[in-house]
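The values are calculated or read from the model by the stated rules, or taken from the named source; none is laboratory data. Everything numeric in this text was worked out from a predicted model, so none of it was measured. Note that we place each Cβ from the backbone using ideal geometry, even for glycine, and neighbour counts take in every protein chain shown. Ligands, DNA and RNA are excluded from the accessible area calculation, which covers all protein heavy atoms including side chains. Shrake-Rupley method; radii C 1.70, N 1.55, O 1.52, S 1.80 Å.
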Amino acid sequence: MYSSLSRVEFLYNLTRLKLPAVRSMENRDDFLSILPFLPLIRRSTAVFWPPTVVEALKSLSKGPSHSNVNSGHLFSIAVSDLRSSLGEYTLSPSASLGFSVFFDDLMSKDEAGKWFKEVLPRLADLLLRLPELLETHYDNAAGFCGMETGLRLLGSQQPGIVLLSQELIAALLVCALFCLFPTTNRGAERLPPINFDSLFVCLYEFYDLNQEHKIKCLVHYFEKICMDMPSGNVSFERKVLPLKNSQSHIAYPEPVFWSKSTVSLCQFKVLSSGLIEDQSVEALEVDFANKYIGGGALSRGCVQEEIRFMINPELIVSILFLPSMADNEAIEIVGAQRFSNYSGYAKSFRFCGHHEDNSSVDTMGRRKTRIIAIDALCSPGKRQYKLDCLLRETNKAFCGFLDQRKHQLHQNLFDESKNGISTREDPSASSQEDEESRQHHLETQNIKSQSDQCPNHEERIGVATGNWGCGAFGGDPEIKAVIQWLAVSQALRPFIWYYTFNLEPLQKLEHVVQWILAHEWSVGELWSILVEYSAQRVSGKTRVGFFKWLLPSLHADDPMVPDELGTM
């Protein structure tokens, strides 16, 4: 059973068994760590809304005929009053005006009528149930094998998983819409703001159509969950490559790890059109993340990460409890449902209606949508070619793509390369090798081949990515493509699907990939070539891109290119 399930799924299934009563909330370290960041109060073993908040939410839940909240202006006043009851400042004037602009001016009369008569009352009712949803969550968040799944502050260098029901996520996101989360101490914990007030401030102060359509995506989400509350789960995992050697985890690799790797490069498919979130095979979908998860999703940002957070709004809840990522960390989110279709990018982004998410569901009730947040170096300039920056970027991607359950298998591969054993030679060639060593070697070969016949479903899951760390972040797209290929291969993933978005520097990516595969380079060999090129860029010995440096004859009008590649 364990071999065919991920570790998370296996432990989750254990929680469904009959277990002793869990410890009370007041004694739970996970609950106590997140409590200062929740808008609730604790009394003994339970959490509550303050009485004034309960009264206001009950009024809202009965509809505008009782609460008189039937406009964006009055909604902003209700939100300000709720914030005051929780000891927070009232909404800023710009946020209040932003609420008015959206709900009173940008929404049609019919849409606004439905929102205030049907949607807002149900959202208020969901907020009233937040304490109950939290208690149920902690009752089910038993820990095994040293792993907890309860909602908690999942701090830096703390690998772990938080598993939340979609209903609890919805309630927490309503808190964000109502701007109820405490704002103090978040900066001290390297947590960005999670309340939605900045969205409405930006709508009013820096109006742009893309900002309006970002809010439309979120409003659509709230409308849909009020009509039909999803019943699945979403997991949020902080992944860490320990900075010191560990018996149970692969540590942060040094350059020798990469230069000595004999792992074969995986399949590489280049796609000039299409989107990462629309690819047809199950894969780790890369989020070109800010080190603060979500980036500018709740302010003015509207590029790859921010768009993903708008069309999959459940991702936003990660901002509540996941502080910024260090160089040796990544975040994996499994199960977030997509609610919106869209067109455009950045300034041209537009909400295009409902998206029917037909993703299959795993044994934990999570949709098989796996999003990997990895943050690239920002504006690295020429230093991106230095060895420490190459190592940082490769290890960052490796952390995101790695399944740490394969620790021992990776260690075996690395030990062999350190000892000068070639994993390409026939293990039966040496008559000196005993049966145990031959068996070990054969197992290593089998892992390295990344066969689709492997019974572990996780090992069939590749990576869907694109121009990570390029664009506004200023990375070299040719280098970043190679770095991700190295990381995907070393993580023993079977394939990488690379969406170029028609970026001009990557027009020859397919030719370069096929040339490298034809020469059967290992991860270590490609890494060493990349390091050699980068050293020449740093020293000024070359100024050409990596592809042209590697294959000087590779020009668009060079008749030798098809002939050379045709020999493969």
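Observations on the structure shown:
- In the range 231-250, the qualifying residues are those that are of a type in the set (K, R) and in a strand (DSSP E or B), and the one that is most open to solvent (accessible area, probe 1.4 Å) is K239.
- In the set (1) modelled with pLDDT under 95; (2) open to solvent by less than 10 Å² (accessible area, probe 1.4 Å); (3) under 18 Å from L91 (Cα atoms), A141 fails one condition alone, (3).
- Residues in the range 359-411 that are crowded, with 19+ Cβ neighbours inside 10 Å, hydroxyl-bearing (S, T, Y) and under 30 Å from S231 (Cβ atoms): T369 alone.
- Hey, V256 at pLDDT 95 or above and open to solvent by less than 60 Å² (accessible area, probe 1.4 Å) or not: no
- Tabulated pairs, the range 240-265, first over 30 Å from L154 (Cα atoms) and of a type in the set (K, R), second surrounded by 14 or more Cβ atoms within 10 Å (Cβ to Cβ) and at pLDDT below 95, C-beta under 7 angstrom, 6+ apart or interchain: K260/S417
- Test: residue in the range 67-83 that is among the hydroxyl-bearing types (S, T, Y), open to solvent by 40 Å² or more (accessible area, probe 1.4 Å) and more than 34 Å from the chain's Cα centre (by Cα): no
- Among (1) at pLDDT 95 or above; (2) of a type in the set (S, T, N, Q); (3) surrounded by 18 or more Cβ atoms within 10 Å (Cβ to Cβ), the one test that T149 misses: (1)
- Tally of residues being modelled with pLDDT of 95 or more and of a type in the set (D, E, K, R) across the range 368-426: 10
- Test for S96: is it touching a helix residue (DSSP H, G or I) at 6+ places or on another chain (Cβ under 7 Å), at pLDDT 95 or above and open to solvent by 20 Å² or more (accessible area, probe 1.4 Å): yes
- Condition met for I215 (over 14 Å from S92 (Cβ atoms), outside any helix (DSSP H, G or I), in contact (Cβ under 8 Å) with a residue 40 or more places away in the chain and out of contact with any Asp or Glu (no Cβ under 8 Å at 6 or more places or on another chain)): no
- Some residue of the range 548-564 being closer than 28 Å to I276 by Cβ and modelled with pLDDT under 95: yes
- Count of the range 251-267 residues which are more than 23 Å from L377 (Cα to Cα) and outside any loop (DSSP other than H, G, I, E, B): 2
- The residues of the range 344-358 that are open to solvent by 50 Å² or more (accessible area, probe 1.4 Å), more than 13 Å from Q211 (Cα to Cα) and assigned to a strand (DSSP E or B), listed by number, are C352, H354.
- Unique match (being touching a residue at least 40 places away in the same chain (Cβ under 8 Å), part of a loop (DSSP other than H, G, I, E, B) and more than 25 Å from H137 (Cβ to Cβ)) among V270, V281: V281
- For the range 332-371, a residue qualifies if it is within 23 Å of T394 (Cα to Cα) and in contact with a Phe, Trp or Tyr (Cβ under 7 Å, 6 or more places away or on another chain), and exactly one does: I333.
- One residue stands out among those in the range 164-209 that are β-branched (V, I, T), open to solvent by 10 Å² or more (accessible area, probe 1.4 Å) and in a loop (DSSP other than H, G, I, E, B): the one that is modelled with the lowest pLDDT, which is T184.
- Whichever residue in the range 308-328 is touching a Lys or Arg at 6+ places or on another chain (Cβ under 6 Å) and either part of a strand (DSSP E or B) or not small (G, A, S) (or both) and, among such residues, is surrounded by the fewest Cβ atoms within 10 Å (Cβ to Cβ): D327
- Residue match in the range 223-230 (condition: over 16 Å from L298 (Cα atoms), at pLDDT 95 or above, crowded, with 21+ Cβ neighbours inside 10 Å and not hydrophobic (A, V, I, L, M, F, W, C)): no
- Only one entry of R338, R300 meets the criterion of being under 18 Å from the mean Cα position of the chain (by Cα) and at pLDDT 95 or above, and that entry is R338.
- Of all residues in the range 286-304 being of a type outside the set (A, V, I, L, M, F, W, C) and crowded, with 23+ Cβ neighbours inside 10 Å, the one that is farthest from R370 (Cα to Cα): G295
- Of all residues in the range 293-317, those that are under 21 Å from K347 (Cβ atoms) and aliphatic (A, V, I, L, M) have Cβ atoms under 6 Å from Cβ atoms of residues that are modelled with pLDDT of 95 or more and assigned to a loop (DSSP other than H, G, I, E, B), 6 or more apart or on another chain, in I311/R338.
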